[in-house]
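**Q** Okay, here's the structure, questions in a sec.
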Amino acid sequence: MILQVSEAIATIPEQRFTLPGNYTWEQFEALESLMADAPGLRITYLDGCVEFMTLGEEHEQIKSILAIFIALYLFEKGIKFIPVGSATRRDKNKDVSFEPDESYYLGEKKAHPDLAIEVTITSGSIDKLKKYQRLRIAEVWFWENNRIALYGLREDNYEQIYRSQLLPDLDMNLLERCVQIPDILAARNEFMNGIRQKSL
């Protein structure tokens, strides 16, 4: 019976739920502590709004594959980086707490990562970019509907960009294509061939 329950939990698709009402930071922290032992549950807080998200298998697969390819690219190019995954970013004074799917410091460690990546399977009510804007994260990439949308911080707002300013030589079309190849070994080979040919 325990095995059956575990298998059922493992295949739950991504879902989002926003709590009705407006919550103080202290109320959010109380909710967060109550849910601390719930596996596969993510909590976002922005300006009194609390959103819960379950992490489905499709979401986790895409974010893991993206992380593999980005690491391969950074190693291949000799770019110094510090991967910090979905480490919680929070600031009580700015009324924000959230977890990106993947995040990276490029070069040295700073107050917050330079690059954050978020995989969106289902839309939520919280403004996706506003939470990153509060912490002035330089670049945010969203994977949605098998495409990557890139946003760069310009002064106080994000603008959509079509080439990463942080990783300008990374071919986004190649990355999108390889993430969707079912055979991960074949995908890795195509990705590495693609970035090496671009270097010639």
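We did not get these values from a lab; they are worked out from the coordinates using the rules stated. These numbers come from a predicted model, not from an experiment. Cβ sites come from the backbone with ideal geometry, for glycine too, and all protein chains shown count toward neighbours.
**Q** Yes or no: residue 153 closer than 20 Å to residue 60 by Cα and either crowded, with 17+ Cβ neighbours inside 10 Å or among the β-branched types (Val, Ile, Thr) (or both)?
**A** no
**Q** Do we have residue 181 as farther than 29 Å from residue 45 by Cβ, β-branched (Val, Ile, Thr) and surrounded by 17 or more Cβ atoms within 10 Å (Cβ to Cβ) here?
**A** no
For (1) within 28 Å of residue 145 (Cα to Cα); (2) in contact with a His (Cβ under 6 Å, 6 or more places away or on another chain); (3) in contact (Cβ under 8 Å) with a residue 12 or more places away in the chain, each residue gets a yes or a no:
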site	(1), (2), (3)
72	yes, no, yes
85	yes, no, yes
99	yes, no, yes
107	no, no, yes
113	yes, no, yes
116	yes, no, yes
121	yes, yes, yes
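**Q** Also, quick follow-up: Considering only region 151-180, how many residues are among the aliphatic types (A, V, I, L, M) and under 18 Å from residue 194 (Cβ atoms)?
**A** Counting residues in region 151-180 that are among the aliphatic types (A, V, I, L, M) and under 18 Å from residue 194 (Cβ atoms) gives 6.
**Q** Hey, can you tell me all the residues within region 134-171 that are basic (Lys, Arg) and either more than 17 Å from the chain's Cα centre (by Cα) or under 20 Å from residue 74 (Cα atoms) (or both)?
**A** 154, 163
**Q** Then there's this: Go through region 12-37 and count every residue that is under 11 Å from residue 49 (Cα atoms) and among the acidic types (Asp, Glu).
**A** 0
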